[in-house]
Amino acid sequence: MALALSVTVLERTHNTTMQTSNKKTIGLLICGLVLSAARMASADEPNYRAVTISAEGGTTGLGGSVSWRFSDNFGVRGGANYFSYKMDEFTYTTRPTGAGSSDQKYNVTLRLLSEPIALDYYPSAKSSFHISAGALVNQNRFSATVKNSGVLNSTYTLNGVDYLQSGVGDLNLEVKQQTLSPYLSIGGSIYFGKAHHWAMSGELGVAYTGSPKVSLSAPNHDPALDATPNFSDDVNGEERKIAKDAKDFKFYPIVKIGVSYSF
C-alpha cells in the first residue's frame, strides 16, 4: 500500500514537472516568436516619415511646401513662394551699340511669385537626401517706370537719341520670364531628434527660365511724336537693347533654407 502510494506520488510529481516544463517551453517559444515578429516589423518600418510640411525662404522668395514620400525612393512635392521689393531711381545702362548706350533711372518693382511642383528621388531609404526634377509655375515680374521729372528741358535717351521728357511722358518697362520653368535641384534635412519630426531643410538647384519677354512703352506721350518717324523706332530699339541684355539671364538659381515638420 505504501509502495503504491509512493509510485502514485512520483507519477504525479513527474507529470507536474513535465507540465511545468512544457509550459515554460511553450512560453519561451511564444516569447521568441513575438520578439522575432517585432524585429521583422521594425525592419519593415520605414526610416522616414511620409508627410513633411516646410516653411522656407531663399532666392525664390518666402513660402512653404508640402511633400509626400510615398515609397522608399520616391516622393512628390508642391509649394508656393512670394516676395516683393521696390527701389527708387535704379540706374540702368544698356550696352553700347552703333546707336550708343542709354542711361535711365527707373523706379523698380520686383515681384517673385512661383509655385514649384517636383518629383523627388531618394537614393537611400535611410536618408533624407534627394534629387528633384520639376517645374516652377513662374509668375516672376520686373516692372519699372521712368517718371517725367517736370524739369525744363530734361531728356530721356532712347536708342542713343535724346527726347524731351515733357513730350515722352512716363516710360514703362516690364520684364517677364517664361510661365513654365523646368528645374533640377538637390536637397535634404538635418533632424533635431531621433523621432525625425523637426528638421532644418535645404535645397540647391537651378531653373531654366528662357529668354525674358521685354516690353517698353510710353503710354502718355505727346501725339505729335507719332508724326516723328524715328520715335517709335527708337522706343522699339531701346526695347530690343534691354531684351538683348536680358537674354544673358536664362537660368535662375534656387537656394532655399527652411524649417520642416514631418509626421
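The values are calculated or read from the model by the stated rules, or taken from the named source; none is laboratory data. Quantities reported herein were computed from a predicted structural model and do not represent experimental measurements. Ideal geometry is used to build each Cβ from the backbone, glycine not excepted, and the neighbour counts take in all protein chains shown.
Summary of computed values
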| item | result |
| --- | --- |
| Near pairs, Cβ below 9 angstrom, 6+ apart or cross-chain, from region 129-149 (touching a residue at least 40 places away in the same chain (Cβ under 8 Å) and surrounded by fewer than 16 Cβ atoms within 10 Å (Cβ to Cβ)) to any residue that is β-branched (Val, Ile, Thr) and not in a strand (DSSP E or B) | VAL137/THR179; GLN139/THR179 |
| Selection within region 218-235 - without any contact (Cβ under 8 Å) to a residue 24 or more places away in the chain and in a helix (DSSP H, G or I) | PRO223, ASP226, ALA227, PRO229, SER232 |
| Those residues of region 224-257 which are of a type in the set (Val, Ile, Thr) and closer than 26 Å to THR179 by Cα, in sequence order | VAL235, ILE242, ILE254, VAL255, ILE257 |
| Condition met for ILE242 (over 22 Å from GLY61 (Cα atoms) and β-branched (Val, Ile, Thr)) | yes |
| Any hit, region 191-209, residues being in contact with a Gly (Cβ under 8 Å, 6 or more places away or on another chain), more than 23 Å from TYR122 (Cα to Cα) and not in a strand (DSSP E or B) | no |
| In region 48-73, the residues that are closer than 18 Å to ILE190 by Cβ and modelled with pLDDT of 95 or more | THR52, ILE53, SER54, ALA55, GLU56, GLY57, GLY58, SER65, SER67, ARG69 |
| The listed residue being surrounded by 14 or more Cβ atoms within 10 Å (Cβ to Cβ), charged (D, E, K, R) and free of Cβ contacts under 8 Å to residues at least 60 places away in the same chain, out of LYS244, LYS194, LYS256, LYS250 | LYS250 |
| Selection status of THR93, at pLDDT below 95 and surrounded by 13 or more Cβ atoms within 10 Å (Cβ to Cβ) | no |
| Given (1) more than 20 Å from GLY237 (Cβ to Cβ); (2) free of Cβ contacts under 8 Å to residues at least 12 places away in the same chain; (3) of a type in the set (Ser, Thr, Tyr), index of the condition THR155 fails | (1) |
| Selection status of LYS247, charged (D, E, K, R), at pLDDT 95 or above and either closer than 20 Å to GLY134 by Cβ or under 35 Å from the mean Cα position of the chain (by Cα) (or both) | no |
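Residues checked against (1) more than 30 Å from THR228 (Cα to Cα); (2) in a loop (DSSP other than H, G, I, E, B); (3) among the small types (Gly, Ala, Ser); (4) modelled with pLDDT of 80 or more:
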| site | (1), (2), (3), (4) |
| --- | --- |
| ARG77 | yes, no, no, yes |
| LYS86 | yes, no, no, yes |
| GLU89 | no, no, no, no |
| SER124 | yes, yes, yes, yes |
| LEU152 | no, yes, no, no |
| GLU174 | no, no, no, yes |
